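The values are calculated or read from the model by the stated rules, or taken from the named source; none is laboratory data. Predicted, not measured: the structure shown is a model, and the values here were computed from it. Because the Cβ atoms are built from the backbone with ideal geometry, glycine has one as well, and the counts that use them run over all protein chains shown.
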C-alpha cells in the first residue's frame, strides 16, 4: 500500500477486522500516510434513511403530526440501535443477533487476538459493563466483587481487559475532567456500550432504561462528531454527564435527562449544570431531553434540545429551539 501511494496517483481505502489489525496499527504501518475513519453503527439520520423515512431539512419547524412521528422514530432508534443487520428483525431475533455479535467480538477480537486465558472474568466484565450503561466503573470494586464470587483475577488483568473491549469497539469509557492526573485516575470511569441496542440484551429482565439508552446514544454521537469527551464532578459533588469540545470551539457542558416532568429532576439537572459552569468558565450549557415541553422556567443560559432534533442538528451547539 505504501509503495502504491508513493509511486501512483491514487487514493486507497483500507478496511478490515480489528481481530487482525487495529486501525491505529494500520496508521503506524503506513508511516503517517493514513487517516483513520471510524465507522459507527447508524446515526439517527442514517437510521431514518435506512428505513426510507424522510429526514426533515428543518427539524425545529415541524407541524405537530410530523414532530410526533419523528419522536416516535427516535424512540424506536433507541430501542433497536444502529447495527444495520438487526433493523428488519423482531425483538427476539434482534437480541439474539446482537448477543452473537458480542460473543464473536469476545472470542475473535479479544480472546484469540490477545491470548486471554481468564475468559470467565472477561465475560463477567462484559455483562457488567453492557448491563450497567452510563454507570461509574471502578476496577477496584469490580475486582472485589469477582473475588467475593471466588473468581481469581488481578487488578492489572481487569485494566487490560477493559482496554481490549474498547479496542474492539464494544464499549466506550469516559474519564472525569481533571487537571490533576492523580484525580483523574482515582475517580471511576463511566462506561457505555457502543450502541444503545446492546443495552436490553444484557439489562436485567431484558428491559432497557430509556434514560441510559439516550445517554449512551449521545455519548456515541459526540464521538461521531469527533469531539473529545469527559464528565464533570464539581467540588460540591454535582455531576454533569459530558464536557465535550473540539479544537478551536467552545467547551460544551451537556446534561442528558430523558424525562424532565418531575420538578425535582429539573432542579437537580439545572443545579448541576450551573455548578459546573462556575468551574468551567465560558462553557455553553446544554440539556438534551425527550420532554422539552417540561423545561419551562429554566435559566436562559441553558439551551434545551429536544433529543430527536439534537441528533439531526449535526452540531452539539445547535440553535436553541
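With respect to residue 125, determine if the residue is within 20 Å of the chain's Cα centre (by Cα), crowded, with 19+ Cβ neighbours inside 10 Å and more than 21 Å from residue 219 (Cα to Cα). Walk me through it before giving the result.
Working: within 20 Å of the chain's Cα centre (by Cα): yes; crowded, with 19+ Cβ neighbours inside 10 Å: yes; more than 21 Å from residue 219 (Cα to Cα): no.
No; evaluated as a whole, the condition is false for this residue.
Go through (1) surrounded by 15 or more Cβ atoms within 10 Å (Cβ to Cβ); (2) assigned to a helix (DSSP H, G or I) one by one and return the number of the condition residue 4 breaks.
Residue 4 satisfies all of (1) surrounded by 15 or more Cβ atoms within 10 Å (Cβ to Cβ); (2) assigned to a helix (DSSP H, G or I) except (1).
Among the residues of the range 283-292, write down those that are surrounded by fewer than 20 Cβ atoms within 10 Å (Cβ to Cβ) and closer than 13 Å to residue 257 by Cα. Break it down into steps so the answer makes sense when it comes.
Going through the range 283-292, the residues surrounded by fewer than 20 Cβ atoms within 10 Å (Cβ to Cβ) turn out to be 284, 291-292.
Those that are surrounded by fewer than 20 Cβ atoms within 10 Å (Cβ to Cβ) and closer than 13 Å to residue 257 by Cα: 291, 292.
Does residue 230 meet the test of being touching a residue at least 40 places away in the same chain (Cβ under 8 Å) and within 28 Å of residue 197 (Cα to Cα)? Don't jump to the end; show me each part of the working.
Details: touching a residue at least 40 places away in the same chain (Cβ under 8 Å): yes; within 28 Å of residue 197 (Cα to Cα): yes.
Yes: the conditions hold for residue 230.
Could you tell me which of the residues 94, 108 is assigned to a helix (DSSP H, G or I), in contact with a helix residue (DSSP H, G or I) (Cβ under 9 Å, 6 or more places away or on another chain) and closer than 18 Å to residue 194 by Cα?
Working: 108 fails: in contact with a helix residue (DSSP H, G or I) (Cβ under 9 Å, 6 or more places away or on another chain).
Of 94, 108, the one residue that is assigned to a helix (DSSP H, G or I), in contact with a helix residue (DSSP H, G or I) (Cβ under 9 Å, 6 or more places away or on another chain) and closer than 18 Å to residue 194 by Cα is 94.
Within the range 179-202, take every residue that is at pLDDT below 90 and part of a loop (DSSP other than H, G, I, E, B) and give me the one that is surrounded by the most Cβ atoms within 10 Å (Cβ to Cβ).
187
Out of the range 72-84, which residues are assigned to a helix (DSSP H, G or I) and either over 24 Å from residue 193 (Cα atoms) or within 20 Å of the chain's Cα centre (by Cα) (or both)?
Filtering the range 72-84 down to residues assigned to a helix (DSSP H, G or I) leaves 72-80, 84.
Listed by number, the residues that qualify are 73, 74, 75, 76, 77, 78, 79, 80, 84.
Does residue 98 satisfy the condition of being within 19 Å of the chain's Cα centre (by Cα) and farther than 30 Å from residue 292 by Cα?
Numbers: within 19 Å of the chain's Cα centre (by Cα): yes; farther than 30 Å from residue 292 by Cα: yes.
The answer is yes for residue 98.
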